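Trainee: Mind looking over this structure? Questions follow.
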Amino acid sequence: MEKEKEEWILSELERTLEKTADETLRVLIKAAQGIIKEQSRRMEQMEAEIDGTLWSPRRWGE
């Protein structure tokens with residue numbers, strides 16, 4: 001997910017969270033925020049791993 005889209009989605013979820021008093025919806029929004037943040041973190045890790053593999057002469061023969 002593009003960083004810009006991720007930030008927009010998270011800000012919209014936060015805005016909705018501030019407006020609602022429905023506890024079920026609040027829990028769902030918080031879970032969605034956590035999932036989006038975790039997905040972003042994992043994607044960054046995988047991109048870094050790919051970059052490291054591509055630039056590692058030691059692994060070029062594999």
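Trainee: Within the range 4-27, identify whether any single residue is assigned to a helix (DSSP H, G or I), modelled with pLDDT under 95 and surrounded by fewer than 11 Cβ atoms within 10 Å (Cβ to Cβ), and answer yes or no.
Mentor: Taking every residue of the range 4-27 in turn, at least one turns out to be assigned to a helix (DSSP H, G or I), modelled with pLDDT under 95 and surrounded by fewer than 11 Cβ atoms within 10 Å (Cβ to Cβ).
Trainee: I've got another one for you. Tally time: how many residues in the range 41-58 are under 13 Å from the mean Cα position of the chain (by Cα) and either of a type outside the set (Asp, Glu) or surrounded by fewer than 10 Cβ atoms within 10 Å (Cβ to Cβ) (or both)?
Mentor: Total meeting the criteria: 5.
Trainee: Same structure again: Just to be sure before I move on: is Glu38 exposed (fewer than 10 other Cβ atoms within 10 Å of the Cβ) and among the acidic types (Asp, Glu) in the structure I sent?
Mentor: no
Trainee: If the requirement is being modelled with pLDDT under 90, of a type in the set (Gly, Ala, Ser) and in a helix (DSSP H, G or I), which of these qualifies: Gly34, Gly61, Gly52?
Mentor: The match here is Gly52.
Trainee: Kindly evaluate Thr24 against the criterion of being β-branched (Val, Ile, Thr), in contact with a helix residue (DSSP H, G or I) (Cβ under 7 Å, 6 or more places away or on another chain) and without any contact (Cβ under 8 Å) to a residue 12 or more places away in the chain.
Mentor: no
Trainee: Return the total of residues in the range 22-62 being polar (S, T, N, Q) and farther than 17 Å from Lys3 by Cβ.
Mentor: Of the residues in the range 22-62, 3 are polar (S, T, N, Q) and farther than 17 Å from Lys3 by Cβ.
The values are calculated or read from the model by the stated rules, or taken from the named source; none is laboratory data. In this text the structure is predicted, and so the values were computed from the model without any measurement. No Cβ is skipped: glycine too gets one built from the backbone with ideal geometry, and neighbour counts run over all protein chains shown.
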